[in-house]
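Report on the following structure.
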Amino acid sequence: MNILIIGSGGREHAIAMALSKSPNNNRLFALPGNPGIREYCECIDIDVSNFREIKNFSNNNNIDLVIVGPEVPICDGISDYLKGHKIDVFAPSQEASKLESSKKFTKEIAFENNIPTGKAKWFNNQTEASVYLEKLEPPYVIKADGLAAGKGVAICENIKDANNSLIDIFDGKFGSGQSVLIEEFLYGEELSYFAITDGKEILPLIGAQDHKRLLDKDEGPNTGGMGAYCPPPMLSSELENKIMMQILEPTIYGLKKRGIEYKGILFAGLMVKENEPSLIEYNIRFGDPETQALLMLLKSDFTELLVETMNGNIKNYNLEWEKKRAITVVLANNGYPSQYNTNAEIYGIKEAEKNQNVKVFHAGTSISNGALTATGGRVLNVTSTADTLEEARRHAYSAIEKISYKGKIYRNDIAWRALSKIT
Ligand code: AMP
Ligand code: GLY
């Protein structure tokens, strides 16, 4: 098959790796891709927001399937646009993607279908939001309704900070016209849960745990994710059943009631307390960096999984996982998630990958004057698998020591929750 991957991060590098393992002899393209993705794909220099050019490229290169990594083109309707031109796309429709592009929409679906989630109210007006805040106790959870590149959520310990967050949102810090959600603070342990659905059946994939905060011990600002591991020991089959029955199934059913079909990946951000899951948010795509760990464990054919989903035939897919553990540690640029220096030369990836258990996915790298450089906030994802999580973690951290660039930062404690439970 000719497959086009849209995106340029570690997640898309992992998707390319998984597609390359297919016995199908896939010809892979990535748009725009990155220097790591080039290992598997021809990279095409077209902007991901230029749907017309993407359509023309797909037609001219007999693309059988487009798979979209990031949320922005999905929420902007790439799936509807390309399908309208008879090109198969693995990504939900723009309407279904409101599960990620509108936190208010997700809350409505949750409330209508008795899905466990925090209480919330939404406001288009700063004064009304501020009056409502007065009635609540800290911590205050303030969210921009729409997409905000993972930055639109503030957890505030005092009312002054909460009001400042309201001002930021209404002043357009995360885009103009954003409304605000004020949400109940949920206590517990976070879990990323992935499932894939063909519109009829939902096939659970394994879950993962991300590390959203920049610094060890879950301190510092929120980021896109500093590392992940899977499967998480906390995810018992009992918990998984609850997630499926109380959260994912009623969501797909609730969408159907509104006439919306969901086809693609459904990624639930959950809070789990005393084995009871509660929905924080939905994403309508694979997680980054969770996917880097997750796809390392997929044993059955990824291409076939996508094709069966597109064909509404997921029931007949025989999903198999390696009986191993996987971990990914994000190497970032000093200053991330705010300002950071770019263009430091990267050394040592080949050395790091000499360990057969290790795979280094590229997230924010470029080639400059023939040298590989660190140009993104998140630069590399050092990923490893092993029979145990401890071993996988050891492999990943010793590989990290072999990689160097000026400004390299990373967390030293990825998987601490799981390991503190095991040992
Ligand atoms: P989101 O962008 O919705 O994933 O939120 C970013 C992060 O904020 C989440 O991963 C949680 O760590 C935290 N968060 C969001 N909503 C809540 C909530 N209602 N209670 C506690 N933490 C939350
Ligand atoms: N790692 C969280 C996300 O992909 O949104």
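Figures for the structure shown
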item: Loop trypsin sites (Lys or Arg not before Pro), the stretch 1-105, which have at most 11 other Cβ atoms in a 10 Å radius of their Cβ (DSSP); result: K86
item: Semi-axis lengths (Å, descending) of the ellipsoid that matches the C-alpha gyration tensor of the stretch 65-193; result: 31, 16, 13
item: Ranking of F51, F111 by count of other Cβ atoms within 10 Å, fewest first; result: F111, F51
item: Pairs of lysines in the stretch 50-118 (C-alpha under 21 Å apart; 8 or more residues apart or interchain); result: 4
item: Intensity falloff of the chain expressed as log10 I(q)/I(0), Debye formula with alpha-carbon point scatterers, at q = 0.07, 0.08, 0.09 Å⁻¹; result: -0.32, -0.42, -0.54
item: Lysine pair number, Cα distance threshold 30 Å (strictly under), the stretch 121-232, separation 8 or more or different chains; result: 25
item: Packing rank of 154-161, 406-413, where each peptide gets the mean count of other beta carbons within 10 Å, highest leading; result: 406-413, 154-161
item: Where Cα atoms sit under 26 Å apart: lysine pairs in the stretch 238-300 separated by 8 or more or lying on different chains; result: 6
item: Gaussian network model of the chain, springs between alpha carbon atoms under 10 Å - residue of Y347, Y193, Y132 with greatest fluctuation; result: Y132
item: Between the stretch 349-379 and the stretch 185-201, the Cα center-to-center distance that results, in Å; result: 30 Å
item: Amide proton proximity set for G118, modelled H, under 5 Å, gap of 5+; result: L279
item: Net lengthening on full extension, E390/E345 (0.36 nm per residue, minus Cα-Cα); result: 13.2 nm
item: Contour excess over end-to-end distance, with Cα ends at E274 and S20 and 0.36 nm allotted per residue; result: 87.4 nm
item: Whichever aspartates and glutamates have a C-alpha closer than 18 Å to that of K350, once near sequence neighbours (fewer than 8 apart) are set aside; result: E39, E401
item: Dipole in debye (nearest 20) - the chain, about Cα centre, beta carbon charges: Lys, Arg +1; Asp, Glu -1; result: 380 debye
item: For the stretch 400-411, Karplus couplings with θ = phi - 60° (6.51, -1.76, 1.60), whole Hz, Gly/Pro x; result: 4, 4, 7, 9, 9, 6, 5, x, 5, 10, 6, 7
item: Built amide H within the under 5 Å cut-off of K263, gap 5+; result: S93
item: Simple label model, 7 Å out from Cα along Cβ direction - K217 to S404, nm; result: 3.0 nm
item: Rounded FRET efficiency, nearest 0.05, which uses the C-beta distance separating K151 from K323 and R0 of 25 Å; result: 0.10
item: Of G118, G370, G175, the one that fluctuates the most in a GNM where the chain has Cα springs shorter than 10 Å; result: G370
item: Label point distance in nm, N334-S300, each placed 7 Å from Cα along Cα→Cβ; result: 4.7 nm
item: Cα-based convex hull volume of the stretch 266-423 per residue, rounded to whole Å³; result: 161 Å³
item: Sites E108 and S237 - FRET efficiency at Förster radius 22 Å, r taken between beta-carbons, to 0.05; result: 0.15
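Read the figures in this text as sums done on the coordinates, not as results from a lab. Please read these numbers as outputs of a predicted model, since none were measured by experiment. Quick reminder, even Gly has a Cβ in these numbers, built from the backbone with ideal geometry, and neighbours come from all protein chains shown.
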